[in-house]
Each structure stands twice: as C-alpha cells, then as structure tokens.
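The values are calculated or read from the model by the stated rules, or taken from the named source; none is laboratory data. The shown structure was predicted, so the numbers you read here are calculated from the model rather than taken from an experiment. Cβ sites come from the backbone with ideal geometry, for glycine too, and all protein chains shown count toward neighbours.
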C-alpha cells in the first residue's frame, strides 16, 4: 500500500489532461518538484480547483504513482496572492519567475528554492516593492542556491575591494577588477550587491536610499550573471 505525503506547495505549471483533469507541477516544501494528476479539477464544482491555481500556496496530500506522476488526494488553499492579479505587469513577472524556477531546477530541489519562490510571490503581491527589485533579488537568490555567488569582497588579484574606488566586473571569473579605462561599478553599487546577495526579503532592498537608480544600473549585470551560469 502506497503512503500519502503532506506538504505545502506552490503551482509552477499546469496542463489540461483528458476531459476534466489537469497535470500540475508543484514545488513542494519537503519533496522538491512533484507532478500530480488532479482528477476532475476542470469541472465547475471541483473542490480542488482553487487550491491548484497559479499564485497560490496550499497544503496538499499526494500519493506517489507507479510512474513519475502522483495523484493529488486533497488540497487546502492557504494563501492566494490576488494582489498580483491587479497589475498586468506583475502577472507577467509572476509567470516569468515561475517558469524560470521550473526550468532552472531539478526534481529533487532543496527546500530553499521553495522558500525563495514563496518570498517572490509575497513580494510581487506587495505593491510597495518595485518589480525590478523582485526580479533582481530572485536572480541573485537562484545564483546563490545554485552555487554561483559572485566574489563581492576581493579583486581578481586577491586584494580587498577599496570602498573609495570603482571597478569593472569580470563575468567569466565572477569577480571585480581594477581598470583605468572602464571603472563602471561604484562603491555604493557594490555595497548594494552585497546586501542583495545576502537578504531573504526584497522589502529590505526597497528601503535603501536611491534604490531606483541602483537597480537600473545593476539589474542588467545580475541578468548577465544569471544567463551565464543558469540555463533555462
């Protein structure tokens, strides 16, 4: 007899199956990514429909199947991040982040990825936090969890970064270097990068003075880091 498992879960993707079912990819807190079949969920009176919507957090019970697809037994909606739906740009960003995490992770994903995705949804749901901050933070957290954190303390030569100087960044070696011709990143920008790669909540970044200008400068940098090391 197969055992049932209980955990918190976030929906990463859904596809219709048959006349009334769906196959749903869930990011769970305790079991990594799990694909489940949700029977009858597309029927009008389905009790499970609200619990397997995008931008929701639910407590689920699932039963592993003979193959790769488990069966969803029950699900209880805990949080629906309806604030995301108010703004089209937030919706599109939410879709993007769910898709990125789904493609960038294996099935046996650490709990930390679940916590990052949950924090990203909470932040997208918070109108105080700029979307660019959420995206930049999200990329930085996935880099850290994937073992690709940049060196933000010393130069490529091994010397400590001097807060009085500006530097350029070597994307191949993930470290700063001193160049007379292309000193691109200032001390304030490097300080902000250090903060971003260490905090667990984008709201902390939102409260930094001058954050709008910092993000405009640093988002392309972090995007380049991400695309260099994480394939999606």
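Brief remarks on what is shown
- Residue in segment 139-151 that is over 16 Å from residue 224 (Cβ atoms), touching a residue at least 24 places away in the same chain (Cβ under 8 Å) and buried (at least 20 other Cβ atoms within 10 Å of the Cβ) present: yes
- Taking segment 34-54 as the range and being in contact with a strand residue (DSSP E or B) (Cβ under 7 Å, 6 or more places away or on another chain) and either without any contact (Cβ under 8 Å) to a residue 12 or more places away in the chain or buried (at least 20 other Cβ atoms within 10 Å of the Cβ) (or both) as the test, the residues that pass are 34, 36, 38, 41, 48, 51, 52.
- Under the condition of being farther than 23 Å from residue 96 by Cα and at pLDDT below 95, the residues counted in segment 46-60 number 3.
- Within the set 112, 106, the sole residue that is touching a helix residue (DSSP H, G or I) at 6+ places or on another chain (Cβ under 7 Å) and either touching a residue at least 24 places away in the same chain (Cβ under 8 Å) or part of a strand (DSSP E or B) (or both) turns out to be 112.
- Where residue 78 falls short, out of the listed (1) closer than 25 Å to residue 112 by Cβ; (2) surrounded by 15 or more Cβ atoms within 10 Å (Cβ to Cβ); (3) out of contact with any helix residue (DSSP H, G or I) (no Cβ under 8 Å at 6 or more places or on another chain): (2)
- If you go through segment 168-193 and keep only what is modelled with pLDDT under 95 and under 15 Å from residue 143 (Cα atoms), you end up with 171, 172, 173, 174, 175.
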